[in-house]
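The values are calculated or read from the model by the stated rules, or taken from the named source; none is laboratory data. Quick caveat, the model's predicted, so the values are computed rather than measured. Methodologically, a virtual Cβ is constructed for each residue, glycine included, from the backbone with ideal geometry; neighbour enumeration extends over all protein chains shown.
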Amino acid sequence: MDIGEKISILVPHRISGLFQIVDYGGGRPMDDISKMGSRGGGPSLSAYGKTTVELVEILKSDEASNCEIFINGDECTDTAKTTYYVFSHITSLFENPVKVKISHEYELPIGAGFGASGCGAIGTAFGLNFLLNVGLSYNNSGKIAHIAEVLNKTGLGTVGGQLTGGLSITTKAGFPFELDRILTPPDLKIICGSFGSIPTSSIIGDSDYRERIKNAGEWAMENLLTFPVFQRFIDISLEFVKKIGFLEQPEMSDTRDLINDLNKLDIYGASMNQLGKSVYCFCQSAKVKKVLETFNSYKPRIEFIKPMKICNTGPIFS
């Protein structure tokens, strides 16, 4: 371990199509934060959040470990609470206090339902674990990232899916992660666009929305797990969104209209990212041109994202 040594980790962005908040067990609030989270499902994407962790200095024994955090080039140490939690937890397991620099670079929009916070939390956990030789396992590194997300209300179940890859279903909330996969068509393309962000904490911290999500999520998971095939995933995801009423809000009109326009095409289907003013569309390769024309009709209000595939791996070192 040398001053200036660094490591970079690529973590796939991920969309949640549906989810069920789980914060009770046996009728009582859970007292183990690691077991809180969500059941649900969605695809990992062939677009990545890159986290680079650099050892800046080994400090004196009476000093406290500290870090600088950057997101897409901007310094945000005071506001990146999920990353800071991971940093604090892992450095507490390391014998010597250190100063590190943590840099996140995201291919997809932040706060728009593409799992950016999960990318950063996992990348930080894996990077620090490797750089400082802490000795955590793959899953235990993920556990710390998951807890950081839950505590800071930036996510509930994204981490497990990002560790697994594919179009995955989280069948049990929290840690240890329990997931299964849905087989997908070989010619599948995923096309996305975003009209802006929805702070995750504003939804999962709202008691009314939490209750709606729990009820709709329970319905969705029961129906999906009965017959977990690809087309049912997209159909149930869209019905989940309708049951909650997200798309009825005035600020969601563009999102709602784009989803309706896309679903008039001969494609697998389209729905809303959880959580963001964002739309994802599953289509065949031969349908990409028509789908792009529909997305382009919403310019300049929409931030368009190039066609992607499903990523079938978890984090990779770069």
Worksheet item: If you take the residues of segment 156-180 that are in contact (Cβ under 8 Å) with a residue 40 or more places away in the chain, among the aliphatic types (A, V, I, L, M) and within 17 Å of Phe227 (Cα to Cα), which of them is surrounded by the fewest Cβ atoms within 10 Å (Cβ to Cβ)?
Response: Ile169
Discussion item. Looking at Glu75, Glu68, can you tell me which residue is exposed (fewer than 14 other Cβ atoms within 10 Å of the Cβ), modelled with pLDDT of 95 or more and of a type outside the set (Gly, Ala, Ser)?
Written reply: Glu75
Worksheet entry | Test result for Gln284, under 20 Å from the mean Cα position of the chain (by Cα) and not assigned by TED's automatic domain parsing to the domain that holds Gln20 | no
Discussion item. Being modelled with pLDDT of 90 or more and either in a strand (DSSP E or B) or in the same structural domain as Pro228 (by TED's automatic domain parsing) (or both) is the requirement here; does Ile198 meet it?
Written reply: no
Discussion item. Take Ser297 and tell me if it is outside the structural domain of Ser16 (by TED's automatic domain parsing), among the small types (Gly, Ala, Ser) and over 23 Å from the mean Cα position of the chain (by Cα).
Written reply: yes
Worksheet item: Which of the residues that make up segment 94-108 are assigned to a loop (DSSP other than H, G, I, E, B) and either touching a His at 6+ places or on another chain (Cβ under 8 Å) or in contact (Cβ under 8 Å) with a residue 60 or more places away in the chain (or both)?
Response: Glu107, Leu108
